[in-house]
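This report refers to the structure that appears directly beneath it.
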Amino acid sequence: MRLISNLRKLAVVPAYNEAACVGDVVRKLRANAPAYDVLVVDDGSTDATARIAEDAGACVLRVPFNLGIGGAVQAGFRFALENGYDFAVQVDGDGQHDPAEIDKLEDTMRDREVDMVCGSRFLTDDYQYPAPVSRRTGIHLFAFLLSRIVGQRVSDPTSGFRLINRRGISVFARDYPHDYPEVEAVLMVHWHRLRMCEVPVRMYTRHGGQSSIGGSGKSAYYMVKVLLAIFVGLFRRRHTVEPGEDAAVAAAQGI
Ligand SMILES: Nc1nc2c(ncn2[C@@H]2O[C@H](COP(=O)(O)OP(=O)(O)OP(=O)(O)O)[C@@H](O)[C@H]2O)c(=O)[nH]1
Ligand SMILES: [Mg+2]
């Protein structure tokens, strides 16, 4: 087995109007996860997100209009696939995730031999950000349903703090859910016969800016949309990623 330390790694940071936080996120990534190249996907921000991220030392991918979180993250995975990265970690641009914990995600990926490791705020008792009650109810409902569908415990299916390997990159670069994507992404991992597990992490309140799912209207839409996606997903055609398929995809694309 190749050592993870010898491989190419990318941190994908989706950011939409995160001028207040993105600079710190990039600096913390560079200080605590120096093996990672940092790609900020500026999702059509109207503030200084791109300039601040660049000044902090990130490579910035500017999309010409707002794609939504799923499109922004998928653009990052596509960049990772096309540029030959072996691992990609998703870290939100609002400061909720701690880059110092990426090591823990990596160790778990190596020890458990999985394709995706998700940071879970609910596997630790001393959480800093359990999420508001209404959101927590939704998260626990998704967790209950997902755990039954995928046949393993999933405690924090909406966590956006995730490490994926080349197989995961290959799947998500081609197809990734658009809005509120995290829950569906767990299902995709399952349908593609990849393996995932969770690891306890700390999650913090956002350090500034605005949440995409604040407000009761948006929360209700989020609940309905994700529940529908789970049920529709049950009837989707299953697909198996064979070993080496990522290489075949790369060859087909002339990478
Ligand atoms: N709001 C929003 N965020 C986006 C978009 N595209 C990328 N993002 C980024 O995606 C990350 C996650 O979005 P958040 O709005 O923080 O979602 P969340 O973390 O589930 O919600 P909170 O816990 O309330 O912060 C942030 O870094 C955003 O800047 C978009 O179109 N809308
Ligand atoms: Mg957030």
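The values are calculated or read from the model by the stated rules, or taken from the named source; none is laboratory data. Only a predicted model underlies this, so the values are computations on that prediction, with no experimental measurement involved. Here the Cβ positions follow ideal geometry from the backbone for every residue, glycine too, while neighbour counts run over all protein chains shown. Side chains are part of the model used for accessible areas, which takes the heavy atoms of the whole protein and leaves out ligands, DNA and RNA. Shrake-Rupley method; radii C 1.70, N 1.55, O 1.52, S 1.80 Å.
Each listed q (0.23, 0.25, 0.27 Å⁻¹) maps to a log10 I(q)/I(0) for segment 6-92 from the Debye sum over equal C-alpha point scatterers, namely -1.07, -1.24, -1.39.
For Leu61, the residues 5 or more places off, or on other chains, whose built amide H falls under 5 Å of its own are Val40, Val41, Asp42.
Scanning the chain for helices, which whole DSSP H stretches are 18 Å or more long along the axis (Cα) and average 1.0 or more by Kyte-Doolittle? Membrane-span-like by this criterion, though nothing is claimed about a membrane: 216-234. What is segment 90-149 by shape, rounded, prolate or oblate, if you read a ≥ b ≥ c off the alpha carbon gyration tensor as root eigenvalues and call it rounded for a/c under 1.5, prolate for a/b larger than b/c, and oblate otherwise? Note, shape of segment 90-149 comes out oblate.
Rolling a 1.4 Å probe over the protein heavy atoms of the chain, with every protein chain left in place, gives an accessible area that is 53 percent carbon and sulfur. A helix-only calculation puts the chain at -13000 deg cm²/dmol for mean residue ellipticity at 222 nm, using -39500 (n - 2.57) for each DSSP H run of at least four residues, averaged over all residues. Where does the charge balance sit around Ala229 when Lys and Arg score +1, Asp and Glu -1, over other residues with C-beta under 15 Å from its C-beta? Spelling it out: positives minus negatives among the neighbours equals -2. Taking Arg193, Arg236, Arg166 in turn, the Gaussian network model of the chain (Cα-Cα springs below 10 Å) assigns the largest fluctuation to Arg236. When only alpha carbons of the chain are considered, Rg and Dmax amount to 17.0, 48 Å. In whole percents, the pair-distance distribution calculated for segment 1-150 from its alpha-carbon pairs, binned every 10 Å from zero, is 11, 36, 36, 17, 1. Close amide H pairs (under 5 Å, H built 1.01 Å from N) link Ser120 with Val199, Val201, residues at least 5 positions away or on another chain.
The calculated FRET efficiency for Arg27 paired with Lys218, based on their beta-carbon distance and R0 = 45 Å, is about 0.90.
Eigen-decomposition of the gyration tensor built on the alpha-carbon atoms of segment 75-206 gives equivalent ellipsoid semi-axes of 22, 17, 15 angstrom, largest listed first. Cross-link partners of Lys104 among aspartates and glutamates, defined as those whose alpha carbon lies under 15 angstrom from its own and excluding same-chain residues fewer than eight positions apart: Glu113, Asp115, Glu198.
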